[in-house]
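What follows is one structure encoded as structure tokens, with my remarks underneath.
The values are calculated or read from the model by the stated rules, or taken from the named source; none is laboratory data. Note that the coordinates shown come from a computational prediction; the quantities given were computed from them, not determined experimentally. Note that each Cβ is placed from the backbone with ideal geometry, even for glycine, and that neighbours are counted across all protein chains shown.
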Amino acid sequence: MNTLKKYIFLFLSFLIVFSCVKEPQKEVETTPVPPTNPTNPTNPTNPDTFNPTPYQLAIPTLFAQYILPPVIPSNNPTTVEGVALGRKLFFDPILSGNGTQSCASCHAPQFAFGESTTFSTGIDGIQGNRNAMPLFNMAWNWDNRFFWDGRANSIEAQAFGPVVNPIEMHNTWPNAVASLQSHAEYPNLFKAVFGTTNIDSVLVAKAIAQFERTLISGNSRFDQYLNGQISLTAQEIEGFNVFMAENRGDCFHCHGNAANPLWTDNLFHNNGLDATFSDLGLGAVTGNPADNGKFKTPSLRNLAYTAPYMHDGRFATLDEVINHYSEGLQNSPTVDPLLKYLNQGGVQLSVADKAALKSFLLSLSDDSFINNPDFQAP
Ligand code: HEC
Ligand code: HEC
């Protein structure tokens with residue numbers, strides 16, 4: 001009996017080892033399929049094969065050094081063809097109800113994929129009540145909580161929303177899919193990425209998410225300074241000291257430090273904007289009153305391009321933001337205990353400290369990100 005078990009075990013082990021060894025060879029065998037061609041990505045002589053090329057995300061040095069790898073769902077690996085399709089969809093007004101608005105209408109490259117107006121206006125001219133979020137480094141949102149209130153739980157899931165949101169692109173998915181399906185190029189582009197010309201909303205969301213994961217920003221002047229490539233001004237360095245000091249700016253608890261290149265904790269806090277809330281934020285999603293007035297901590301990268309600031313775009317300038325933390329804090333039941341100087345209205349910065357803090361914050365802006373040719377309209 002024992003011997004029999006042993007043989008079964010050996011046989012199973014052999015199968016496992018065999019299949020593991022066999023796998024890479026199979027991949028080698030399929031490579032003779034001709035490489036895809038961006039203008040005609042399906043192979044016309046063999047329309048049933050598709051073989052998308054893996055896309056390597058360009059991970060900045062400091063990210064590799066300090067933080068966990070990006071989140072890439074196993075059912076939506078990033079591919080060259082997928083990123084190209086997602087980019088085309090992102091910039092294409094075909095997804096909106098009247099063909100006038102694309103994702104990029106509210107998430108434009110020159111504003112770090114955010115918007116320069118306080119609130120977004122959808123295709124019917126109706127305004128929302130939140131400021132469009134800039135989009136970058138989204139693959140490092142390990143908890144997968146998107147939007148100011150965290151209500152979408154993956155990049156893929158997020159992409160379903162805007163197309164049918166009545167105050168955004170105000171379309172229906174059947175209508176958006178029908179437009180793509182009857183388009184001259186899209187069916188073949190989907191085939192090259194997903195192996196089918198049958199387009200559906202899941203595949204649209206997957207392709208857009210692939211493009212969004214490539215929007216990586218890690219080359220600000222402060223990054224270059226940390227990498228030993230440039231020096232900063234004395235004022236910028238002083239501003240970083242203000243940011244880090246608990247008895248001065250005290251910003252780092254929520255917005256990170258030199259060992260967190262995301263410049264956010266990706267968590268939700270009430271940073272003392274209001275005594276009473278017209279927008280409950282996280283609380284409206286969880287139903288827990290202890291979450292009222294909490295919003296996702298935004299990254300401090302690319303602030304030079306993302307004004308106005310906060311979930312409702314209430315502050316037009318960084319000076320206003322800094323004044324808020326210095327002397328404008330409002331008390332409320334859920335205000336974050338990390339705002340330790342609440343009783344005196346804030347951290348009470350000197351004029352010199354405010355100016356230094358602002359110049360440090362601006363050193364986190366990455367002009368190579370907003371000008372990256374791979375991120376512009378195709
Ligand atoms: C009419 C303007 C508008 C359009 C069009 C639009 N968005 Fe947005 N987007 C916003 C606003 C406003 C928010 C913040 C909403 C909130 O938090 O409730 C947002 C948030 C997001 C976020 C969350 C980012 C984060 O870090 O949590 C992503 C991702 C996003 N949009 C992607 C897209 C994609 C993809 C499209 C196209 C399919 C799109 N958006 C179309 C205005 C727009
Ligand atoms: C308790 C956590 C916490 C602390 C401490 C904190 N912040 Fe914030 N910060 C937030 C949150 C949360 C938001 C978004 C709030 C909202 O929109 O409702 C925010 C928003 C911002 C914004 C707006 C960014 C944008 O894209 O809209 C800037 C700039 C900013 N903080 C800078 C600072 C500075 C500078 C300090 C230190 C003086 C600081 N923060 C301290 C949590 C914090």
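Looking only at residues in segment 147-182 that are in a helix (DSSP H, G or I), near ligand 1 (Cβ under 7 Å from one of its atoms) and not aliphatic (A, V, I, L, M), the one that is farthest from the chain's Cα centre (by Cα) is Pro162. Among the residues in segment 347-367, are any modelled with pLDDT of 95 or more and in contact with a Pro (Cβ under 7 Å, 6 or more places away or on another chain)? The answer is no; no qualifying residue exists.
Exactly one residue among Phe295, Phe277 is in contact with a Gly (Cβ under 9 Å, 6 or more places away or on another chain) and either among the acidic types (Asp, Glu) or assigned to a strand (DSSP E or B) (or both), and that residue is Phe295. Restricting attention to segment 75-110, the residues being under 17 Å from Thr214 (Cβ atoms), touching a helix residue (DSSP H, G or I) at 6+ places or on another chain (Cβ under 8 Å) and assigned to a helix (DSSP H, G or I) number 13. Scanning segment 258-290 for residues that are touching a Phe, Trp or Tyr at 6+ places or on another chain (Cβ under 8 Å) and either more than 30 Å from Leu364 (Cβ to Cβ) or within 13 Å of ligand 1 (Cβ to nearest atom) (or both) yields Leu262, Asn266, Phe268, Gly281, Leu282.
Scanning segment 350-376 for residues that are within 17 Å of the chain's Cα centre (by Cα), acidic (Asp, Glu) and either within 10 Å of ligand 2 (Cβ to nearest atom) or buried (at least 19 other Cβ atoms within 10 Å of the Cβ) (or both) gives a single hit, Asp366.
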